[in-house]
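Structure first, commentary second.
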Amino acid sequence: MGSWRVERLDQLPTALLATIMTKLDVSSICSLAVTCRAFNSCASHILSFLPNFHILDISPSMELIKSLLPPNSHLQSLKLDCGQLNDSSIELLLRPSLQELCFHNCADFSGKLLSEIGSRCKDVRSLYLGSVAEKRGRAIHISDLEELLGGCTQLEELNLMFDLSPFLRHNFARVWALASKKLTSLEIGYISSVMVTELLSPNVGPHQYPNQIRPSILPAIQKLSLAVDYITDTMVGTISKGLTLLTHLELRDAPLIEPRVTFDLTNSGLQQINQHGRLKHLSLVRSQEFLSTYFKRVNDLGILLMADKCANMESICLGGFCRVTDTGFKTILHSCSSLYKLKVCHGSQLTDLVFHDIAATSLSLTHVSFRWCNLLTNHAIKSLVRNTHLKVLDLRGCKNLGDEALAAIGSLCELKMLQLDNSDISDVGIAYLQHGIISSLVSLSVRGCKKLTDKCISVLFDGSSKLELQELDLSNLPNLSDNGVLALAKSRVPISELRMRQCPLIGDTSIMALASMQADDDRGHGSNLRLLDLYNCGGITQLSFRWLKKPYFPSLRWLGVTGSVNRDIVDALARNRPFLHVACHGEELGTDPWNNIDSSYMHDYEELDELEQWLQEGEWDSDDEEMEDAEDDADVVVE
């Protein structure tokens with residue numbers, strides 16, 4: 001009996017190859033496609049019946065989308081960064097079979113995107129649209145929203161992450177009456193509080209008697225997340241009364257002027273929260289984005305009244321409650337026995353006394369954030385770490401925390417995320433992490449901790465076993481130099497996001513070290529870094545940009561630099577690597593870790609580089625020459 005032996009994968013039957021490749025994501029399929037003709041042919045075929053197509057880490061052009069999105073009646077989920085797309089791509093993107101749509105950075109689209117989704121994707125159940133029509137000259141009309149809501153009758157989750165406030169108020173509620181009755185989750189990027197109140201108010205209908213109340217327009221909503229101009233008593237009361245099934249409520253405002261009492265949250269508004277007793281997650285945040293302002297009309301009494309109805313709450317986030325003292329915060333800890341997530345921002349009267357008897361509670365906190373709570377000291381942290389299952393600890397802006405706090409934190413063996421920005425820790429304190437939590441940490445930030453030096457890197461990573469650390473923020477450390485980065489490179493830690501902005505001693509040597517860094521034996525040079533922030537690092541010259549070209553940093557997607565180093569070189573680098581987002585104006589890169597820490601999915605970003613290779617092979621030579629020309633020009637200027 002003869003035996004059939006396969007020496008190479010490309011010798012497998014095409015049907016079997018296709019079956020295997022359908023189990024992979026788009027990036028992995030494309031990485032296989034560059035290895036041989038058989039895989040390339042198979043990849044092109046299976047893209048025509050793939051159920052999920054997700055590429056959010058790069059912003060593909062129209063030409064690339066045409067290559068990757070052939071006719072496909074099986075496509076159910078489409079997630080894209082649309083930064084390079086516009087209305088001309090609508091017909092290519094929208095398919096009747098889609099049930100999940102997620103489009104980020106839709107600034108160059110007009111309201112036509114909304115109306116076309118309503119007419120073409122009637123079975124969509126989850127929809128996310130970000131930054132629609134934000135580019136000058138683009139507009140959204142109320143009729144576009146009307147067609148979207150009227151057409152997508154199966155919608156269960158809707159995220160409209162753009163400004164809805166320009167719509168005329170008298171039409172707004174009428175249009176939302178068309179929304180799917182199955183809609184359980186709604187998030188809006190910006191809307192006025194008056195519009196929210198009018199939308200959800202159970203007004204008397206045109207053909208009803210005065211004692212007949214019209215039911216809520218959104219009867220099935222369980223999760224509501226809104227950014228508004230002002231959080232007010234009226235709005236909070238209307239939401240709490242009208243949405244009887246509400247379990248998640250997230251409200252955020254950013255006032256442009258100090259609010260008057262009728263446009264503010266008071267103790268009375270807090271008392272109205274959770275009227276139906278189903279609320280599990282509450283977030284009320286006053287942002288300092290435009291004005292240093294707080295909830296000045298809320299005190300301990302308001303928290304006491306709210307806590308009466310919130311005994312079953314599981315997560316609470318309070319930002320900007322400057323008049324709430326230890327009494328109010330202590331009430332939350334002792335009343336909400338199921339609480340596992342607590343976040344307080346700008347708690348200017350929060351002190352160590354809140355945690356004095358935390359051991360007497362039945363709490364098992366896993367996520368804790370006390371941002372800019374300046375009265376907290378090491379004693380608070382010593383009490384807090386009795387919650388031994390802490391996974392997230394955010395202490396940014398707590399300036400009085402020092403090495404004793406780190407000694408206590410070092411005992412938290414399950415901790416995944418630790419943020420200590422602007423605290424008073426030193427290299428001695430960092431050493432407490434080396435034998436404890438460093439093996440479990442995924443994200444560490446010590447931004448602005450002025451006492452730290454190069455020694456903290458060697459102390460933290462020397463002799464450590466295999467680490468999981470993927471995000472490290474060393475920004476604004478005046479004593480961090482190239483020697484510290486060299487120690488980091490030698491440690492072979494698989495970091496994917498490294499921030500070192502505002503470090504005056506960081507120079508070209510650091511870039512060369514990172515470019516040559518290998519996290520493990522199976523990957524290329526510098527392969528794990530997908531985000532590198534070098535904004536305003538004092539020693540960066542044009543030499544560094546030679547190391548930022550391919551083949552170095554093959555997975556890099558975000559780069560922060562100072563544009564004034566040499567604008568021509570920066571522009572040439574951006575053209576050389578079209579999927580690299582180069583930021584030159586000091587903007588923060590990436591997203592807020594607090595919003596993503598619950599996600600355990602970590603993408604293999606190196607495969608995206610092979611996606612580029614497959615689709616744009618052969619285009620790099622001219623770009624390399626262009627960048628070299630820019631460097632030559634810069635040399636002439638320097639001379």
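Here are the numbers:
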| item | result |
| --- | --- |
| Computed label-point distance, nm, for sites Leu56 and Arg323 using a 7 Å Cα→Cβ extension | 4.0 nm |
| Reach of Lys66 by Cα under 16 Å, taken over lysines that are not fewer than 8 positions away in the same chain | Lys79 |
| Above-threshold pairs, the threshold being 23 Å between Cα atoms, out of Lys280/Lys343; Lys450/Lys550; Lys466/Lys490; Lys181/Lys343; Lys391/Lys450; Lys399/Lys466 | Lys450/Lys550; Lys181/Lys343; Lys391/Lys450; Lys399/Lys466 |
| Average accessible surface area per residue within region 51-143, 1.4 Å rolling probe, Å² | 42 Å² |
| Candidates per GluC sites (Glu not before Pro) in region 420-518, loop by DSSP, up to 16 other Cβ within 10 Å | Glu468 |
| Apportionment of accessible area to carbon and sulfur, region 51-143, percent (1.4 Å) | 45 percent |
| Along principal axes, Cα extents of region 289-409, largest first, whole Å | 38, 33, 22 |
| Length added when fully stretched, Asp571-Asn40, from 0.36 nm per residue minus Cα-Cα | 187.9 nm |
| Carbon/sulfur fraction of accessible area - region 219-263, other protein chains in place, 1.4 Å, % | 61 percent |
| Sites Lys182 and Leu92, calculated FRET efficiency, Cβ-Cβ separation with R0 25 Å, nearest 0.05 | 0.35 |
| Label-point separation in nm, Asp357 to Ala173, each point 7 Å along Cα→Cβ | 4.8 nm |
| Cα-only Debye scattering, region 51-143: base-10 log of I(q)/I(0) at q = 0.15, 0.23 Å⁻¹ | -0.51, -1.27 |
| Surrounding net charge for Gly118, when Lys and Arg each add one and Asp and Glu each subtract one, Cβ distance under 13 Å | -2 |
| In Å², nearest 10: area of Trp547 left accessible to a 1.4 Å probe | 60 Å² |
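The values are calculated or read from the model by the stated rules, or taken from the named source; none is laboratory data. Computed from a predicted structure; not experimentally measured. Don't worry about glycine lacking a Cβ; one is built from the backbone with ideal geometry, like all the others, and counts go over all protein chains shown. Calculation scope for accessible area: heavy atoms of the full protein, side chains included, ligands and nucleic acids excluded. Shrake-Rupley method; radii C 1.70, N 1.55, O 1.52, S 1.80 Å.
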